[in-house]
Amino acid sequence: MSARLIVHLRRYRTNAALTQAALADAVGVSRKTINTIENGVFTPSTILALTLAKALDCSVHDLFELPDEPA
């Protein structure tokens, strides 16, 4: 199974008035990691996804979802 992940991280980050660097510092990763997640290049681990959701005060499902149609 290789479904394409829909990523809403950028919207939640900008709504929280955070730069990629500030969010990266808050969750203990590099700015490049945040950038690659936002651009769909990198899929975060479960722990990182939960950490991002906690930092942005939302659910993991708010940040990431699977498309309705099969890949």
Quick check: is even one residue across region 2-21 without any contact (Cβ under 8 Å) to a residue 12 or more places away in the chain, in contact with a Ser or Thr (Cβ under 8 Å, 6 or more places away or on another chain) and in a helix (DSSP H, G or I)? no
Right, ASN15: over 10 Å from the mean Cα position of the chain (by Cα) and not hydroxyl-bearing (Ser, Thr, Tyr) or not? yes
Scanning region 18-39 residue by residue, those within 23 Å of PRO67 (Cα to Cα) and either polar (S, T, N, Q) or more than 9 Å from the chain's Cα centre (by Cα) (or both) turn out to be THR33, ASN35, THR36, ASN39
Free of Cβ contacts under 8 Å to residues at least 12 places away in the same chain and in a loop (DSSP other than H, G, I, E, B): does that describe ASP25? no
Just one of LEU48, LEU56 is hydrophobic (A, V, I, L, M, F, W, C) and in contact with a Lys or Arg (Cβ under 8 Å, 6 or more places away or on another chain); which is it? LEU56
Across region 47-69, which residue is surrounded by the fewest Cβ atoms within 10 Å (Cβ to Cβ) among those that are in contact with a helix residue (DSSP H, G or I) (Cβ under 7 Å, 6 or more places away or on another chain) and in a loop (DSSP other than H, G, I, E, B)? SER59
Checking PRO44 against (1) in a loop (DSSP other than H, G, I, E, B); (2) in contact with a Pro (Cβ under 7 Å, 6 or more places away or on another chain), the condition it does not meet: (2)
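None of the figures in this text is laboratory data; all of them are computed from the coordinates on show. No experiment lies behind these values; they were computed from the predicted model shown. Neighbour counts are summed over all protein chains in view; Cβ atoms, including those assigned to glycine, are modelled from backbone coordinates with ideal geometry.
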